[in-house]
Structure formats: C-alpha cells, structure tokens
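This report refers to the structure that appears directly beneath it.
The values are calculated or read from the model by the stated rules, or taken from the named source; none is laboratory data. What you see is a predicted model, and the numbers here were worked out from it, not measured in a lab. Please note: Cβ atoms are built from the backbone with ideal geometry, for glycine as well, and neighbour counts cover all protein chains shown. Note: areas computed on protein heavy atoms with side chains; ligands, DNA, RNA excluded. Shrake-Rupley method; radii C 1.70, N 1.55, O 1.52, S 1.80 Å.
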Amino acid sequence: MTGYTTHHFEAASRYTVSVGYDRRLYEHDIAGSVAHARMLGRQGIISEADADAIVEGLDAVRREIADGAFSWREDLEDLHMNIETRLHELIGEPAARLHTARSRNDQVATATRLYVRDAIDRVTALLRALQGTLLALAEREQDALLPGYTHLQRAQPVPFAHHMLAYFEMFDRDADRLADARRRVNVLPLGSGALAGAPYPLDREWVARELGFDAISANSMDAVSDRDYAVEFLAASATCMMHCSRLAEEIVLWMSHEFGYLQLGRQWVTGSSIMPQKRNPDFAEIARGKTGRVYGSLVGLLTTLKGLPLTYNRDLQEDKEGLFDAVDTLEATLDAMRGMMSDCSVNAERMREAAEDSALLATDMADYLVGKGVPFRDAHAAVSALCELAAERGVAVTALPLDEMQARCSAFDEGVRELNALASATARDVPGGASPARVREALAAAKTRLEASRG
C-alpha cells in the first residue's frame, strides 16, 4: 500500500471543514458572543474594559462580514474560529477572554437556535402574506362555482371561494405549528459549556433576556446535544411544502386544456423550445418538485440523530446544510405561490359549466327523495341506477323522463327538475359547509383571524 500524500492529508482536513456553509450563522453567532461578553463583564468574570473591547471588536467583525470584506479561512475550520481569530487581530489579548465559560458546543447550539427562530418569523410572515392573497382571490371570485372532486372525479358543486379557504386553513395550521415549535426553539443553551456547565458565576437568565429567549435550558447535557427544535422546524416545513405542492398540483391541473379553470400571469409560465403554443406552469411544477428536498432534509437530520449517544458528537455538524436548504426552499416557494395566486385569472364560466354537469346533482337527487320520506340507502340505489341509465343515453340525469325516474322510485315528481349547481351548494348550509352564506361567514372570520395574527 502507498502512504498518504500531502494531497490526501489536505483532502482529509477539508472533510471536517464547515466554514463554507456555517458562515451563514455569523450574525447569530456574533449576537450570542456579544451577550456572553457583556454578561462576563457584568459578573466580574472578565473586566468591563475587556468586555467593552470585545463587543466593539465583534461589531467591527460583523460589519466586515456584512460588507463582504471579511476573509474566510478554511484552515480555521469553522465560523467560530474565523470570527475569534479576526477579533484577536483587531483587539489583541482581550479576544482570548471571550471563550471563558463557554464551549463551541453551547455556542453553536445558541447560534443555531437564534437562526431557526428568525427563520420561523420570516416563514410565518410569508405564510400570512400567502393567506392574504388567497382571501383576496376568494373574495374577488365569490360568485364562481366549480366541481368539488373526490378521487379526481367530479363530485359536488362548491364555491371557488370555499376551495381557496381550504388552503387558507392548511396554511393557518402551518403557522400554528411554527408558533408552537418556536416556543421550544426559544430556549437558551449558552452556559451549558461542553456538556456539564461552567465553574463560573454565570447569569444565564440575563443572557436569555438579552437575546430574547423565553427560558434557559434545564439540563446541560441535553442542551448541547439537542436538535429536536431543528427537527420540529423541518417537520413543520415539510408539512407546509406538502400543502404548497397540493395547491401547485391544482394549478397544474386547472391550467390544462382539459380543465381550463385558471390562467397564470405570463411571468409564472414558460414556453416550449419546440412547441410555440405551449404555456407551461413551470413555477408550480418546480414548487411541487422542491417539496422532496425539504422531506429529504427532515429525514436526513432524523437519521443523523437516531444513533447518537450523549452528548455532543461531530455528526451534529450535519444538521446545518439541510436546515439552510429547507429554509431557502420554503421561503422561495411560499413567495412564488403568493405571486402565482395574486397574478392569475379565473375562468368562472368554464368552472360553472363543469359544475352544472347534472351528474354532480346525484347526491342532491338522493337527498331530495330523503326529504319525501325515502330511506337514504334506497334513495341512493335508485339514483345510482338512473345515473347509469343517463350515461348510457348520453343525457343529463335530471332530464330523464319522469316516468322512468318513478319506475326506480315513486317519490320522484317534477320538483326534481329544479335542482341545479347553485341550489346544491346553497343546501350545504351547515357550519363549515359550502353554502354561499356560510362561505361569506367563513371569509369574514378568516379575515379577522388573519388580521389578529398580524398583531
């Protein structure tokens, strides 16, 4: 066997380097370091003068990074050592006191929690913006009816606004999940040291207040090795992406000639390199496709965590790339979904034409018979037979001769001819139902909830 070459050693060294991606945490890492330095000074663990010098130096480093003037070094391995090395270059010996009473283990846990907290706040704002767009579209098209589907088969007529409000509810649950996860994200691990705490008179509660945390961690071993908060965020993100993907799938279907219910603005479609007539819903398709990326990030982190003994293990370095990618993907997708839904036109006439398909009135015909005292199962069987007969003849089921209807059920009379799509929807007058009156109530309630969520 040949020995290791310089090339091999360089490659091995690069294998553990994380600064190429963890630099993204610089603002959060510096914020944690500033709070830690101030606390050390307040507690007399380091001098106030050293604390002030550290804070001033960290602010200079932050500005350098923000301005693109900072030189990142792979030989320093990670974000933390890059910042600390530059701090030492700027202020000298006081920089060496910054790491007193902390470890990179609780340091990175703090920065990552701050990052996830900020990501939750940004994603929640994007969710609320998308919900607002859906409400505006629903209000604008309140009179539109379309077929509701089960098994992608036409089922019953429903208002288009009711359909949009279904997605409003999905995204509302996403926002609730994120708010719930945020409570567990917002716990300060700093002060846990490498795994056992620190032998200094730390004021962890002061640091928590300074950084906007609601609580401090209760167990130092758990604090440095916990990534549940990232798993929760990724799980909520995956669910949200699933909802985006479902809406994207509706857009793809509705834009097809076979449906023709909706058209996106030109900036949200692309043409074909060979077929001049094509207007492809590529943005919706990409949103549908990117959902798998976020699923992958969630499964990847769960797999990383499943075999780790307490406490910190270097495997935890693998928590970040998937997390960062999921944040980017989710934010971009929510923004694209909002853009598509705010720049679309609804073909209400085509929708209503489909909703008036008499086959969608089959349940109403059965309910009509129930109103005349026929047991529902008997009514269902009679109408099912009539639907088959109408399909064979290629006519509307409500247009069959009355005597043939009565041959299946004697309770039929001419009143069955009055059934139509609007009457069908109007009859669903229960809380949460599809009647126009209930939909108007739901729209008003949704607007109130959305306004309240925005504070």
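Quick one: net charge around Ala136, please, counting Lys, Arg +1 and Asp, Glu -1 for every other residue with C-beta under 12 Å from its C-beta.
0
Between the range 100-144 and the range 194-256, what is the C-alpha centre distance in whole Å?
Rounded to whole Å, the Cα centres lie 11 Å apart.
Taking loop as defined by DSSP and a crowding limit of 14 other beta carbons within 10 Å, which trypsin sites (Lys or Arg not before Pro) in the range 408-455 fit?
Here the trypsin sites (Lys or Arg not before Pro) that fit, given the DSSP loop and packing criteria, are Arg454.
Taking only pairs that are 8 or more places apart or on different chains, how many Lys pairs in the chain have Cα atoms under 27 angstrom apart?
Qualifying lysine pairs in the chain: 4.
Could you tell me whether the range 142-184 comes out rounded, prolate or oblate from its Cα gyration tensor? Rule is a ≥ b ≥ c as square roots of the eigenvalues, rounded for a/c under 1.5, then prolate if a/b exceeds b/c, otherwise oblate.
Oblate shape, in that a/c is at least 1.5 and b/c is the bigger or equal ratio.
Per residue, how much space in cubic angstrom lies within the convex hull of the C-alpha atoms of the range 379-455?
Value for the range 379-455: 118 Å³ per residue.
Once you have all Cα-Cα distances for the range 199-284, histogram them in 5 Å bins from zero and send the whole-percent values.
3, 11, 12, 14, 9, 7, 7, 6, 7, 8, 7, 6, 3, 1, 0
Under the rule of -39500 (n - 2.57) per DSSP H run of 4 or more residues, summed and divided by the residues of the chain, what mean residue ellipticity at 222 nm is obtained, to the nearest 500 deg cm²/dmol?
Computed mean residue ellipticity for the chain: -20500 deg cm²/dmol.
Please name which of Leu25, Ser424, Leu253 has its Cα lying farthest along the dipole of the chain towards the positive end, using unit charges on Cβ (Lys, Arg +1; Asp, Glu -1) and the Cα centre as origin.
Ser424
List the residues whose amide H sits under 5 Å from the amide H of Gly148, counting only those 5 or more places along or on another chain, with H placed 1.01 Å from N in the peptide plane.
Close amide H contacts, sequence-distant or interchain: Ala155, Gln156, Val158.
Which of Leu152, Pro94, Val294 sits closest to the plus end of the dipole of the chain, meaning its Cα is farthest towards the positive end, when Lys and Arg get +1 and Asp and Glu get -1 on the C-beta?
Farthest towards the positive pole: Leu152.
Give me the percent of accessible area attributable to carbon and sulfur for the chain, probe 1.4 angstrom.
51 percent
In units of 2.2 N^0.38 Å, what is the alpha-carbon radius of gyration of the range 272-320?
1.98
Below 8 Å, C-alpha to C-alpha, sequence gap of six or more: please give me the relative contact order for the range 67-178 in percent.
In percent, rounded to a whole number, it is 19.
Between 0 and 90 degrees, rounded to the nearest ten: what's the tilt of helix 228-255 against the longest Cα principal axis of the chain?
The angle comes out at about 30 degrees.
With unit charges on the beta carbon (Lys/Arg positive, Asp/Glu negative), name the residue among Ala223, Tyr200, Leu114 whose Cα is farthest towards the positive pole of the charge dipole of the chain.
Highest projection toward the positive end goes to Ala223.
Distances over 27 Å make up what percent of all Cα-Cα pairs in the chain?
Pairs farther apart than 27 Å: 66 percent.
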